[in-house]
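Here's the structure we're looking at; comments come further down.
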Amino acid sequence: MNAFGPRLRAALLAGRRANVRGYGIVAPRRGDGYEFAELRAYMDGDDPRRIDWAATARAGALQTRVMLEDATLVLAAVVDGSASMHVGRTTSNYDAGCTAARMWYDAAIDDDRCARIGFGAHMFPAVRGRAAAAACAAIRDPIGTVPGDALHLALAALPRGARLLLISDFYDLTNLGDELRACANRFDLTALLAADPWRAGLPLRGFVRLRDAESSRVERLYVGAAARARYRAAVAAREKMVLTALRDVGARTAVLDAAAPEAAFAAAFGLG
């Protein structure tokens, strides 16, 4: 777990969202706390510091001290794999989304469950905690995996109250309304808007050829100072519109900049 993981975990355990109905209640669980609960066989992903060496010597196999904690987590992530996410300056938005997903899974410990939802529902019932987190963080979906299909899978596969991270550029936002609302009601939903790589301004000047990332259609356009100003204004207006729409359905939101994924979580959870 990196240094940000414990802060994110604490925020996820504490972070109810206002004015959202249907969000599941966290359940008491045996986990990585302070009050001793029991001994059990060591499992992949357990904290090695919890190994009871005296009990291990008696049993002839690794034994873990299980401690009582307040709540368990189910961590799941959806990273939009559509073609428009595979663009960027030095890092594509899809790669930035995968980096953010790894940070999300860094909040997992001991008996927490993890899932990666995309082209399929990747769940690991026999593996929990950090081992499950590492398995989920390593998954990459094929180009063209769209968030609408992934959210359908999430609603079918994940338990109520799961913490679901959705990362997308939301160019298909108008077709996601029902799924987003259902996910926000069923899960604790955090939605990160992948920033336009050229939100600070187009680097182009004069007559240029532009290719649409989704359709591959190419057009020749003139880009001058006025066009660059209009582009910046349009990007800012769209960001505001998308974030407002996501908050309206009950999601926790922020903009994900490829250069600073940790800042997106800090903004979404108010970590400062």
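So, in region 156-180, how many residues would count as being crowded, with 16+ Cβ neighbours inside 10 Å and outside any loop (DSSP other than H, G, I, E, B)? Don't jump to the end; show me each part of the working.
Of region 156-180, the ones crowded, with 16+ Cβ neighbours inside 10 Å are 158, 161-171, 173, 176, 179-180.
Then drop every residue that is not outside any loop (DSSP other than H, G, I, E, B), which leaves 163-168, 173, 179-180.
Of the residues in region 156-180, 9 are crowded, with 16+ Cβ neighbours inside 10 Å and outside any loop (DSSP other than H, G, I, E, B).
Every condition in (1) under 19 Å from residue 10 (Cβ atoms); (2) touching a Leu at 6+ places or on another chain (Cβ under 8 Å) is met by residue 250 except one, and the failing one is (1). Restricting the search to region 41-58, which residues are touching a strand residue (DSSP E or B) at 6+ places or on another chain (Cβ under 8 Å) and either at pLDDT 80 or above or in a helix (DSSP H, G or I) (or both)? 41, 42, 50, 51, 52, 55, 56 - these are the residues of region 41-58 that are touching a strand residue (DSSP E or B) at 6+ places or on another chain (Cβ under 8 Å) and either at pLDDT 80 or above or in a helix (DSSP H, G or I) (or both). Out of 115, 126, one residue alone is more than 15 Å from the chain's Cα centre (by Cα) and either part of a loop (DSSP other than H, G, I, E, B) or assigned by TED's automatic domain parsing to the domain that holds residue 215 (or both). It is 126.
Every listed requirement among (1) farther than 23 Å from residue 253 by Cβ; (2) at pLDDT 90 or above is met by residue 69 save one, (2). Scanning region 218-257 for residues that are modelled with pLDDT under 85 and within 23 Å of residue 178 (Cβ to Cβ) yields no hits at all. Does residue 156 qualify as being in the same structural domain as residue 124 (by TED's automatic domain parsing), touching a residue at least 12 places away in the same chain (Cβ under 8 Å) and touching a helix residue (DSSP H, G or I) at 6+ places or on another chain (Cβ under 9 Å)? Taking the combined requirement at face value, the residue does not satisfy it. The one condition from (1) in a loop (DSSP other than H, G, I, E, B); (2) buried (at least 17 other Cβ atoms within 10 Å of the Cβ) that residue 203 does not meet is (2).
Is region 123-144 home to any residue that is on the phi > 0 side of the Ramachandran plot, in contact with a helix residue (DSSP H, G or I) (Cβ under 8 Å, 6 or more places away or on another chain) and surrounded by fewer than 22 Cβ atoms within 10 Å (Cβ to Cβ)?
At the first step, the residues of region 123-144 found to be on the phi > 0 side of the Ramachandran plot are 129, 144.
Cutting the leftovers down to in contact with a helix residue (DSSP H, G or I) (Cβ under 8 Å, 6 or more places away or on another chain) gives us 144.
Narrowing the set further to residues that are surrounded by fewer than 22 Cβ atoms within 10 Å (Cβ to Cβ) leaves 144.
Scanning region 123-144, I find at least one residue that is on the phi > 0 side of the Ramachandran plot, in contact with a helix residue (DSSP H, G or I) (Cβ under 8 Å, 6 or more places away or on another chain) and surrounded by fewer than 22 Cβ atoms within 10 Å (Cβ to Cβ), so the answer is yes.
For first residues located in region 241-253 and under 14 Å from residue 168 (Cβ atoms), partners that are in a loop (DSSP other than H, G, I, E, B) and lie 6+ apart or on another chain with Cβ distances below 6 Å form the pairs 242/170. Take residue 179 and decide whether it is among the acidic types (Asp, Glu) and in contact with a helix residue (DSSP H, G or I) (Cβ under 7 Å, 6 or more places away or on another chain). Criteria met by residue 179.
The values are calculated or read from the model by the stated rules, or taken from the named source; none is laboratory data. Just so it is clear, the model here is predicted, and its values are computed rather than measured. Note: ideal-geometry Cβ built from the backbone for every residue, glycine included; neighbour counts use all protein chains shown.
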